[in-house]
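One structure is given here, and the rest of the page talks about it.
The values are calculated or read from the model by the stated rules, or taken from the named source; none is laboratory data. Here the structure is a predicted model, which means the values were calculated and not measured. In this analysis, Cβ positions are derived from the backbone assuming ideal geometry, glycine residues included, and neighbour counts consider all displayed protein chains.
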Ligand code: CP
Ligand code: NVA
């Protein structure tokens, strides 16, 4: 059974095919083929969500399936039913399940026991649907006629702020897998964690990232600037300390000016204005954050279609 728990679960060829299908589904949105006709897909949330929740629910419906949104607390999971039993039982009703969880092992345990495809809708470790969308959103700017992974070659991506976060991990895996340069610019103590280095090793990938404290040096002539909130879901008790330590990594006008003149700014959203990014940058000409948010819908439809084809 094929799952989508981290980007490397799809081969590079499957990623290229998914991006191509994304392009087709985006171009002909109102003529979406009913690829999941008569199916039922579950969306299970242990954490808050706006984009993931709505884009998946709309995407499932546009593909002809029925979407069932579940909250962990209102199911028997909240009263201690095991993941193993839940995965086995839900597999008897559903044709696929998207899960947003705190601990990554929740999603991997579902994947181990489910007999339907499991899609990771974000864990503390990574966010594969988001990184796939991010790659697509960059590529549609670089090669608008036909989205092609080769357009990433030689590009310099800089991730600023919480360089030990789920989104930073997603970029680390993507850089090693899809072969582009990634610089992580963040404070001491936020170097990539053992878990992502182990994931690289387990996937036989050579790291393509470097880590620095120097945001200005990192962003010089950069093609892509990326940031995420400084306080991720689950990190709230460290909020004040994180804001203090990450303040030098705000994506602002000075950093953007230091980047390539055509640099793109991306953010997975939600954003905290004038913390990790200034209002001027996020609403400015280099920002593609709203296209990026829209593209969640199109890429995830393509992911579900691919998982069905590979089922
Ligand atoms: N980017 C993202 O996953 O947004 P939500 O938390 O709103 O789903
Ligand atoms: N790093 C953020 C991403 C939100 C989409 C979080 O986990 O809260």
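Which residue is nearest to residue 155 (Cα to Cα), if the candidates are limited to the stretch 253-268 and must be in a loop (DSSP other than H, G, I, E, B) and within 23 Å of the chain's Cα centre (by Cα)?
If we filter the stretch 253-268 for residues that are in a loop (DSSP other than H, G, I, E, B), which is where we start, we get 259-263, 268.
Those left that are additionally within 23 Å of the chain's Cα centre (by Cα): 263, 268.
On the way: 263: 10, 268: 19 Å.
Among residues in the stretch 253-268 that are in a loop (DSSP other than H, G, I, E, B) and within 23 Å of the chain's Cα centre (by Cα), the one nearest to residue 155 (Cα to Cα) is 263.
Assuming residue 294 fulfils every condition listed in (1) out of contact with any helix residue (DSSP H, G or I) (no Cβ under 8 Å at 6 or more places or on another chain); (2) within 16 Å of ligand 1 (Cβ to nearest atom); (3) assigned to a loop (DSSP other than H, G, I, E, B) apart from one, which condition is it?
Exception for residue 294: condition (3).
Can you pull out the residues in the stretch 210-231 that are free of Cβ contacts under 8 Å to residues at least 40 places away in the same chain and under 19 Å from residue 263 (Cα atoms)?
Within the stretch 210-231, 214, 217, 220 meet the criteria.
For residues that are over 20 Å from residue 139 (Cβ atoms) and buried (at least 17 other Cβ atoms within 10 Å of the Cβ), tally how many sit in the stretch 272-303. Outline the logic, then answer.
Residues of the stretch 272-303 over 20 Å from residue 139 (Cβ atoms): 272-284.
Narrowing the set further to residues that are buried (at least 17 other Cβ atoms within 10 Å of the Cβ) leaves 275-278, 281-282.
Qualifying residue count, the stretch 272-303: 6.
Can you name the helices (runs of 4 or more DSSP H) wholly within the stretch 87-204 that have at least 3 residues being at pLDDT 95 or above and under 30 Å from residue 220 (Cβ atoms)? Write out each step before concluding.
Working: elements: 104-113, 128-142, 166-178, 194-202.
Answer list for the stretch 87-204: 128-142, 166-178, 194-202.
For the list (1) under 21 Å from residue 181 (Cβ atoms); (2) surrounded by 24 or more Cβ atoms within 10 Å (Cβ to Cβ); (3) away from ligand 1 (no atom under 16 Å from the Cβ), I need the number of the one condition that residue 110 fails.
(1)
In the stretch 1-39, what residues are surrounded by fewer than 17 Cβ atoms within 10 Å (Cβ to Cβ) and outside any helix (DSSP H, G or I)?
1, 2, 11, 28, 33, 34, 37, 38, listed by residue number.
Would you pick out the residues in the stretch 43-69 that are more than 16 Å from ligand 1 (Cβ to nearest atom) and in contact with a strand residue (DSSP E or B) (Cβ under 8 Å, 6 or more places away or on another chain)? I'd like the intermediate steps shown before the answer.
Start the filter on the stretch 43-69 by keeping residues that are more than 16 Å from ligand 1 (Cβ to nearest atom), which leaves 61-66, 68.
Those that are more than 16 Å from ligand 1 (Cβ to nearest atom) and in contact with a strand residue (DSSP E or B) (Cβ under 8 Å, 6 or more places away or on another chain): 61, 65, 66, 68.
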